[in-house]
Structure formats: structure tokens, C-alpha cells
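The values are calculated or read from the model by the stated rules, or taken from the named source; none is laboratory data. Since the structure is predicted, the reported quantities are computational estimates derived from the model, not experimental observations. Here the Cβ positions follow ideal geometry from the backbone for every residue, glycine too, while neighbour counts run over all protein chains shown.
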Amino acid sequence: MKNSALSILSFFICVSCFAELPNDTTYYYNSEGNCPSIDDEVLMIVSEGSEKVCFFYGTSDEFTDDPREGFLPGFIVLKATSLSMENGKFTCVLNSTNHKYANSPINIGITEEIPNGYKPWTQINEYFWNQIEFIGTYDNEKIELANKTFYPEEKRVFYKKSLPSIKTLYNKSLLSDSEAESNALGYVNYEDSDAYMSIDEMVPTINVSGHECVDLGLPSGILWSKCDIGASSPEIVGDKYAWGELEVHECDSTLCNHYKFFKEGSSANITKYNFKSSRGHVDNKKELDPCDDVAYVRYGKRWRIPSCKEWNELRQLCIWKPGTYKGVEGFWVFGLNDNFIFVNNRYHWTRDLDDNDCIEAKRTYHVKDAFDLSFDTHYRPDAYPIRPICYPQ
């Protein structure tokens, strides 16, 4: 009987829009708000004689208590197992083991994991539960259920709806095209590089002068380095440099005694990048020359330390989502194409001098709660890593 029921549904698997379902299909809809939402859920029950098959439409939130912050859920359709509807009692099991999530709500009637017109949701989260059990009651108008496995005290009500009604309430258009596209990239949480695929397997890189960079589809044509200078992987903090120096340093307050642009270690006697006569030789330079740009010197003539303007292009045109890679916090930065990079959650030098005080230069910092990038200024002799960029040919 199960094979027969599934054959009835097979017609709908190949379509991405709604299709008419047999009259012996009933729909039950759960919503906690006054308007349709991506958090809504649907039970579709197909009857053939005394046999019933139940499909659950919902999100990844059903299988985790790890709260989402700053990203959308994955969407799933699951065929329930151990279904029982007898004498007003309802029970079933949902098993999501090895099941793929889609990037937007799956239209009712489709039972394929990733239907045509959808993309996979690439969230990787080891805290997903593999299986939950629903228990509850039903009558002619509704099904009342609780997640027996983890939240037996929290009940939800699924109200019976007609097919035209369910088409309107729950469908793919609950997410805009741009939201669905960004959700296909997801919030990726890598805790173990051996357990999950690496960025190398997901994003094509371009080798320029022996160093890997990524095309994010930016209007400028700028390519962003896969890693900090001196790092072998995106989560690793790279070599640290004083602003405008070419030798690796650690952050050390005594570094000013050796800083090459402070004569005799004095910030009152600046030899280069100075616009104040009270601080020494004035040259009015406010941006690093290539000869003082470690990216240019180490990586080649197409490479530079990014300016604030170039960081801002990345900030304004790309989608920033907080996450982790190999246990390190940072940001996933999604480009205008299907590519992305991971930026570790550290300060990075720009190549711009401070506008007000020439003993300081501008650096980036990452605002986790706002999913954003910002700038401040810091003492030039202090050492910070650099995420270089590569100019188009």
C-alpha cells in the first residue's frame, strides 16, 4: 500500500509549482502568528483505503535547540514513520538522518528532498537531532501535537485547511528570491575539519603569483585572498606587521622604539606618512606606497593591502554572516556570485593613514552582533594581520 500511495505522489516530484492532489489528501496547518511565516508547519496526510501516509513540512528548527542568530533555517519535507491515527490518538516519528534541507519552503505536494527550482541549504550543525516523536490527539478539524522527545509540555495545533487555502498559506514565495539565494549559502559551522568538507571543496580559487584568491563578483573586479598573509587556512590569524613595515612582529608596546618611520623611536619625528609639521617631515602621504605595502612586496605587483574603500565594497555589497570555521569565530562573507570567503574575527590593517592624527592608521574590526564590519584607528607601530586583495589584470 505504501508503494501505491507514493506512486500517487510521484507525479508531483518533478514539478516546482503546486499541482492538484487527489481528493483523499488532507492538510493541517500550524501557525503561531497572524500572517503566513517561514516558521509555519504543515502535515499532509494521504489516505488510500485504511492506509495513511503523513508528510511533515517544516524547518531545521524542529531538530535543534541551538538558537539561530542572523541566518534563516533550512526547509524540509519528511515522510513520517510509525504513523498511527486511531480513536482520536495521533503518533508518528520524524527521522531526519542524512536528509537534505532546501533553501526555501517546499511547496505542498512535493516530497523530494531538493526539488527542481530549489537549492541545498549548506548549514552543517552537529547539534541536529536525528529523530523526534510526535504524540497528540485529532478530530475532524484539527490535530494537536507535542514533541514527545524533547518538549512534551509544548503543544501546537494544526488546523485542517482546504487545498486552495494551503496553497496560499505555505509556499516557496514565503522567501524572496534574494533571501532564498543567500540561504542556499547558509550559515556554515565547521568544528572539525576532518568531519566536514573544506572551503577548498566548495569555492573555486584563483592562483595569482602562487597565492590563492577568490572572485566574489564585485564590480571593481577585485579578488580577495583566501587567507591572511602568512596563514595557510582562513581561520588562522596571519603574520602581524606594524603599519607600513615588511618584517613580521608581534603586538608589543616597545615596537615603537624600532618602528622604521619614527626617527629614534619618537612619534614627534615622523619620517614618512605625515601631514603635521609638528611631527617631523611633512609629505602629505595618506596611503601606503607599494614599496611599504607588504602584500605588494611579498605577493607581487597585483597584490595590495586593501584600503577602507575596498573593505567597504566588501562590506556593502556582500552578505556577512557570523559563524565558525574549524572552531574559530569569524564571518562568512558571501559574494554576488556563488563564492564566499571566511574572515577571522580579528583586526586587520588597511593601507590608509588616519585622517586626524598621523601617528595612527586605520584598521578594520568586526561587529558580531550587527553582522557588520567597521573601522577605527590605531597606533602605527602596533602589529596586526593583513587580508590582502588582488587587482584584476
Residues of the range 304-341 being among the aliphatic types (A, V, I, L, M), surrounded by 20 or more Cβ atoms within 10 Å (Cβ to Cβ) and outside any loop (DSSP other than H, G, I, E, B), which ones? Leu314, Val333, Ile341
Contacts under 7 angstrom Cβ, first residue in the range 345-356 being among the acidic types (Asp, Glu), partner not in a loop (DSSP other than H, G, I, E, B), 6 or more apart: Asp352/Glu287; Asp352/Cys308; Asp352/Ala361; Asp352/Lys362; Asp354/Glu360; Asp354/Ala361; Asp354/Lys362; Asp354/Thr377
Matching residues in the range 235-263 (modelled with pLDDT of 90 or more and not charged (D, E, K, R)) number 11
The lone condition Asn344 fails out of (1) crowded, with 21+ Cβ neighbours inside 10 Å; (2) touching an Asp or Glu at 6+ places or on another chain (Cβ under 6 Å); (3) over 21 Å from Ser233 (Cβ atoms); (4) of a type outside the set (A, V, I, L, M) is (3)
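If you check Thr377, Thr350, which single one turns out to be buried (at least 17 other Cβ atoms within 10 Å of the Cβ), out of contact with any Phe, Trp or Tyr (no Cβ under 8 Å at 6 or more places or on another chain), assigned by TED's automatic domain parsing to the domain that holds Leu218 and of a type in the set (Ser, Thr, Tyr)? Write out each step before concluding.
Values: Thr350 fails: out of contact with any Phe, Trp or Tyr (no Cβ under 8 Å at 6 or more places or on another chain).
Result of the check over Thr377, Thr350: Thr377.
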Checked the range 91-117 for anything buried (at least 20 other Cβ atoms within 10 Å of the Cβ) and out of contact with any helix residue (DSSP H, G or I) (no Cβ under 8 Å at 6 or more places or on another chain); matches are Cys92, Ala102
Looking at the range 189-199, can you tell me whether even one residue there is buried (at least 18 other Cβ atoms within 10 Å of the Cβ), modelled with pLDDT of 90 or more and not polar (S, T, N, Q)? no
Of the listed residues (Val77, Val93), the one being among the β-branched types (Val, Ile, Thr), over 24 Å from the mean Cα position of the chain (by Cα) and not in a loop (DSSP other than H, G, I, E, B) is Val93
Residues satisfying the stated conditions in the range 158-180, i.e. touching a Leu at 6+ places or on another chain (Cβ under 9 Å) and more than 21 Å from Val46 (Cβ to Cβ): Leu175, Glu179, Ala180
Can you tell me which residue within the range 117-141, out of those that are more than 24 Å from Lys89 (Cα to Cα) and charged (D, E, K, R), is modelled with the highest pLDDT? Lys119
Pairs, first within 30 Å of Asn269 (Cβ to Cβ) and of a type in the set (D, E, K, R) in the range 366-384, second in a loop (DSSP other than H, G, I, E, B) and modelled with pLDDT under 80, C-beta under 9 Å, six or more apart: Asp382/Cys251; Asp382/Asp252
